[in-house]
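We did not get these values from a lab; they are worked out from the coordinates using the rules stated. Treat the numbers as computed from the prediction; the structure is a model and nothing was measured. Here the Cβ is made from the backbone with ideal geometry for all residues, glycine too, and neighbour counts use every protein chain on show.
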Amino acid sequence: MYRALIVALLSVSIIVAADDKPVRELTVKSKAVDRDFKLNGVEIVDAEGLKKLIKDEGILKGISDGVDFKKEKVVVFAWSGSGGDRLFFKLAADEKSVKFEKLQGATDDIRYHLKVFVVKVGIKVEK
């Protein structure tokens, strides 16, 4: 499963918008995602965990530059489904938890999705 993340991320470019939000998405432009690649909210809590998953130095640096692992963790989702599939999150009013939900698209086309989120440490992730 983790090998697939490495394969999936080999051809992506990452644009990081750094800010102080409790939850934010790293914009990932993927050229190729392994068809067997599926992750449902894998939480990466340190740079070592990130290095185990991502072997490409450019991509690793792109994500690492957008995350302060002393204050934040990375949450990765990957799946295949309708091109209309959407993944969204709702932060609790007290900012102690965030719930991620996938909305299935109505089209029959199969697309491969990869979403990377940065969540402040201490916020519980629900899927």
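Segment residue 61..residue 42, full-extension length gain: 4.9 nm, with 0.36 nm per residue of separation and the alpha-carbon distance subtracted.
Computed over the alpha-carbon pairs of segment 45-127, the distance histogram in 5 Å steps reads 3, 13, 21, 19, 18, 16, 8, 2, 0 percent, short to long. Summing +1 for each Lys or Arg and -1 for each Asp or Glu among the other residues whose beta-carbon sits under 10 angstrom from that of residue 126 gives +3. Backbone amide hydrogens, once placed in the peptide plane, bring residue 41 within less than 5 Å of 76, 77, 78, excluding anything fewer than 5 places away on its chain.
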